[in-house]
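Since the structure comes first, as structure tokens, the remarks are kept for the end.
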Amino acid sequence: MHKLPFMKGGERLFHASLYKIPHIMHTSFRFIRPALLLALLIGALSNCTYEQLSPDTGVSTSGICFETDILPIFQTNCTQSKCHNAKDRKEGFDLTNYAGIMRGIFPGNYQRSHIYESLVDNGDDIMPPPPYNPLDKASISLISQWIQEGAPNSTNCSTPVNNCDLSTVTYAKVVAPLMQKYCNGCHSGTAPQGNIQTATYTALKALSAKSSFMGSIRHLSGFSPMPQNAAKLSNCQIDQIEKWIQLGAKND
């Protein structure tokens, strides 16, 4: 069965049973009477079916949460100054929210999604562009899986405060992954934003000793909010970072 794209953007796919059209269709059309040609076309179209691709159901079969797993990747890596934020909207894209991200997504088919193509591009169209670091393979894999599942707008997935575990907070298991998800997109590489580096333990330990670090994370008045162009970290995530600092900011 042949599949023809009916509407770009992932709404539907058009399936036509073209093999049911007699082979005479492959000959020159001038030898076919108009009435016969019309009848053949009507017969072919009557066999067409429409398949609705996975819409925004708000449900992920693998447990991927857009709000906590996917959105932070875009907000951290793609919304820097003069990029795809609400103010600059580079190339017309605002990747700070679900609606803006979906403009480059083909739900159910990550390989046809413009955003995915940019993430894996090896040339000038790669996103994020230099001097920022390319997205890591784990993040790209997560995004592709989310798209393949229909790119649902799943929200309210945060860990409840009463389920927040502060007894096993370490740099390797908790703090470093949080920095990777929410901070390193801007604060890493050869030209980190604001000359602030969060991608290495040494740099983060030095940063954590400053009051501005937790002030920014808590979005307190007088401090530059971090992450930028994004919501504040959850209370549990903030408590985990603060707990790590209280324990001596060890490289554990």
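Of all the residues in region 113-133, those that are surrounded by 13 or more Cβ atoms within 10 Å (Cβ to Cβ), farther than 19 Å from ASN97 by Cα and in contact (Cβ under 8 Å) with a residue 12 or more places away in the chain number 3. Restricting to region 140-152, and then to whatever is part of a loop (DSSP other than H, G, I, E, B) and in contact with a helix residue (DSSP H, G or I) (Cβ under 7 Å, 6 or more places away or on another chain), can you tell me which residue is surrounded by the fewest Cβ atoms within 10 Å (Cβ to Cβ)? This residue is PRO152. In region 82-94, the residues that are under 17 Å from PRO130 (Cβ atoms) reach residues that are crowded, with 16+ Cβ neighbours inside 10 Å and among the acidic types (Asp, Glu) with C-beta atoms within less than 7 angstrom, at least six apart or across chains, in these pairs: HIS84/ASP94. The set of residues in region 122-156 being acidic (Asp, Glu) and under 14 Å from ILE73 (Cα atoms) consists of ASP136 alone. Across region 127-139, the number of residues qualifying as in a helix (DSSP H, G or I) and under 18 Å from CYS83 (Cβ atoms) comes to 1.
Checked against the criteria, CYS157 does not count as surrounded by 20 or more Cβ atoms within 10 Å (Cβ to Cβ), more than 14 Å from the chain's Cα centre (by Cα) and in contact (Cβ under 8 Å) with a residue 12 or more places away in the chain.
Each value in this text was obtained by applying a stated rule to the coordinates, not by laboratory testing. Predicted model only: the values in this text are computed from it and were never measured. When we count neighbours, we look across all protein chains shown, and the Cβ atoms used for this are built from the backbone with ideal geometry, even at glycine.
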